[in-house]
Every structure is written in structure tokens, then in C-alpha cells.
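A.B. asks: Please read through the structure below; I'll follow up with questions.
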Amino acid sequence: MGWEDRHLYEFRIGDARYTAIEAGAERDSTSLNTESVYLRDLRLKKGDSFSYVYDFGDYWRHEILLEETSPADAGEICPLCTGGSRACPPEDCGGLPGYEEVLEAIGNAKHPEHKETKARLGSQFDPALFDKQKTNDELRKDFPGSD
């Protein structure tokens, strides 16, 4: 998704909840540890969807739809991103209302926070850009045994 994993997150697949559970941490008895389950074990099929919430404060909710499954070719990463749109919002920007303010500030040179916001985000941030190659490079790091 482009997030930096600096915040708590949760996947909801059917009635099950999956989240990162650190060793020795108090845990919610209804959550399963994301470290103990593999995507292939969920037996998802075409048309299935599930949600992913990142950063419970900003509450970024994503709906993920499984459009297709197929056997992986040798050397192909799994999972594989086949497309997307727009950049991931910056961390800690205040959820959707905060991100709308960020977009307004960087899109208007006369905005009082234009320079500060551009400096904080860096010159490389382009909200309209989706980089499929970068996404798949990240997947390769997260799923190292898949290629």
C-alpha cells in the first residue's frame, strides 16, 4: 500500500481479524497474528474481498478485491500488483481530512503552508503518481521466497 509500518494495522477477512501481535504483548483474543498466517492458506478466490485498516488514528481503510488467481510462472513474484492509481498519502497527515489539506497546500503556490508542506514531503512526492514497479519491488522484499 505504500505505508511504512509505523502504526498498528488490521486485516478483516470474513469474520476473522488479523493484526501484528508482538511477543509478550497483551492481545485481543479475537485477533490472529499476521505473522502466523500465509495468504495462500486463506483460500481466497476470484471475487473475494477483504479490508485493511492502517493507522487506527488516521484510519486509512482499504478494500482489497481479488480479481484473479493463476499459477505463478517461474521467477514471478507472488502476490503481484498489476496496476493502481495515485500515490499513497504521507504518513501522519491526519487521515482523509488532513490529506485533503496537504493536497490543497501543495497544489496552490499561494497557500500559506505551500512551501512548508512541499519541504516536508520532499520534491519527489507526486499525489497523482502510482509506481507499479516500486510496489512490486516492495512486494519482493515482503515475500522473499516467492520469486
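The values are calculated or read from the model by the stated rules, or taken from the named source; none is laboratory data. Remember, predicted model here, so these are calculated numbers, not experimental data. All Cβ positions, glycine included, derive from the backbone under ideal geometry; neighbour counts span all protein chains shown.
A.B. asks: Which members of the range 2-15 meet the condition of being loosely packed, with under 14 Cβ neighbours inside 10 Å and either in contact (Cβ under 8 Å) with a residue 40 or more places away in the chain or touching a strand residue (DSSP E or B) at 6+ places or on another chain (Cβ under 6 Å) (or both)?
C.D. replies: Correct list: 4, 6, 8.
A.B. asks: To continue, here is another question. Got at least one residue in the range 56-65 being among the hydroxyl-bearing types (Ser, Thr, Tyr) and either within 19 Å of residue 142 (Cα to Cα) or modelled with pLDDT under 90 (or both)?
C.D. replies: No, there is no match, as no residue in the range 56-65 is among the hydroxyl-bearing types (Ser, Thr, Tyr) and either within 19 Å of residue 142 (Cα to Cα) or modelled with pLDDT under 90 (or both).
A.B. asks: Do any helices (runs of 4 or more DSSP H) entirely within the range 60-142 hold 3 or more residues that are of a type in the set (Lys, Arg) and closer than 20 Å to residue 2 by Cα, and if so, which?
C.D. replies: Output list reads 132-142.
A.B. asks: I'm told residue 51 meets every condition in (1) over 19 Å from the mean Cα position of the chain (by Cα); (2) under 29 Å from residue 16 (Cβ atoms) except one. Can you identify the failing condition by its number?
C.D. replies: Looking at each condition in turn, residue 51 falls short on (1).
A.B. asks: Could you tell me which residue of the range 107-147 is farthest from the chain's Cα centre (by Cα), considering only residues that are of a type in the set (S, T, N, Q) and more than 26 Å from residue 34 (Cα to Cα)?
C.D. replies: Among them, the one singled out is 108.
A.B. asks: Give the range 54-84 a look and list any residue that's without any contact (Cβ under 8 Å) to a residue 12 or more places away in the chain and under 12 Å from the mean Cα position of the chain (by Cα), or say none.
C.D. replies: Hit for the range 54-84 is 61, nothing else.
A.B. asks: Going by the conditions given, is residue 52 of a type in the set (Ser, Thr, Tyr) and surrounded by 15 or more Cβ atoms within 10 Å (Cβ to Cβ)?
C.D. replies: Criteria met by residue 52.
A.B. asks: Between a residue in the range 24-53 that is closer than 14 Å to residue 69 by Cβ and any residue that is modelled with pLDDT under 85 and aromatic (Phe, Trp, Tyr), which pairs come within a Cβ distance under 9 Å, given they are 6 or more apart or on different chains?
C.D. replies: As it stands, the answer is 39/143, since those pairs meet every condition given.
Every residue, every condition in (1) at pLDDT 85 or above; (2) of a type in the set (Gly, Ala, Ser); (3) over 28 Å from residue 93 (Cα atoms), yes or no:
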{"position": "5", "(1), (2), (3)": "no, no, no"}
{"position": "16", "(1), (2), (3)": "yes, yes, yes"}
{"position": "20", "(1), (2), (3)": "no, yes, no"}
{"position": "32", "(1), (2), (3)": "no, no, yes"}
{"position": "35", "(1), (2), (3)": "no, no, no"}
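A.B. asks: Hey, does the range 101-120 have a residue that's at pLDDT below 95 and within 20 Å of residue 84 (Cβ to Cβ)?
C.D. replies: Scanning the range 101-120 turns up no residue that is at pLDDT below 95 and within 20 Å of residue 84 (Cβ to Cβ).
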